[in-house]
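Enquirer: Just dropping this structure here.
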Amino acid sequence: MKEHLKNIIKKIEWLSGRHGAWTVFSDFIAMAAISIRNSVNTVDWEEKEKQYQDLTKKYKKEELDKFPEILGELIMALEKEPSDVLGQVFMEMDLGNKWKGQFFTPMAIAELMAEVSIDHIKETIEKDGYITVNEPAAGAGAMVIALANVLKKHGYNYQKQMVAITQDIDIKSVYMSYIQLSLLGIPAKVMHANTLTLEVYEIWDTPFYVLGMWNYRLMKDREKQSNKQVIKFNTEENGQLTLF
């Protein structure tokens, strides 16, 4: 995984000569997220396609060719080790200085938090068939990815036995988490939203969320969901992860 991480950083740095690393990284996550979203969602399809085309106009052809290469490296990194790869890129390239000093929870800590409550998680899955995860400050998706890893470790299929509802007020965090949760096959509704005011600006459903008909399943089980046990994990930077 480290090799692919280094390759992602090298390719971004190669592109940063004319545009700057922050701009390249921001454009990459936007274009990758839109590409995935428009493959399974029809809402605002034309608007998102125009946003994608406008971003590509900044770059020469040889520069644009690097973007699918970066995505390819990301896919291979996630295949080798499901982790918050984009969060690591963000931190290693010191992009936090450009982004309000944001810090992403290390995977080791996120997985420890999930592991601590695995007994309660197992009980919920055995009772209801799956768990619903609500992450009100998703960042790049580390907490949800960590829980998926822990579920897999304990013999559960997170692609069928977990669904995540995540929010973040920063659209770049939405892009990052949407990309990684999508590539890992995690059913998730990723919302660009203000958790405090309950304002929702956009909704990004991952391919496995759409194909798994989770909107229908959650609506059908709404009454059951309201009676489920709640388990909360608190982190200073990433808010709160709630398992229903």
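Enquirer: Can you work out which of the residues in region 174-213 that are among the hydroxyl-bearing types (S, T, Y) and modelled with pLDDT of 95 or more is nearest to the chain's Cα centre (by Cα)? Give the derivation first.
Expert: Keep residues of region 174-213 that are among the hydroxyl-bearing types (S, T, Y), which gives 175, 177-178, 182, 195, 197, 201, 206, 209.
Subset that is modelled with pLDDT of 95 or more: 175, 177-178, 182, 201, 206, 209.
Numbers: Y175: 7, S177: 2, Y178: 4, S182: 7, Y201: 17, T206: 9, Y209: 13 Å.
The selected residue is S177.
Enquirer: Of the residues that sit in region 39-57 and are without any contact (Cβ under 8 Å) to a residue 12 or more places away in the chain and part of a helix (DSSP H, G or I), which one is nearest to G212 (Cα to Cα)?
Expert: W45
Enquirer: Those residues that are β-branched (V, I, T) and either crowded, with 21+ Cβ neighbours inside 10 Å or not in a helix (DSSP H, G or I) (or both), I need them from region 58-79; list them, please. Break it down stepwise before answering.
Expert: Looking only at region 58-79, we keep the residues that are β-branched (V, I, T), and these are 70, 75.
The answer is I70, and nothing else.
The values are calculated or read from the model by the stated rules, or taken from the named source; none is laboratory data. This is a predicted model, so every value here is computed, not measured. We place every Cβ from the backbone using ideal geometry, glycine too, and count neighbours over all the protein chains shown.
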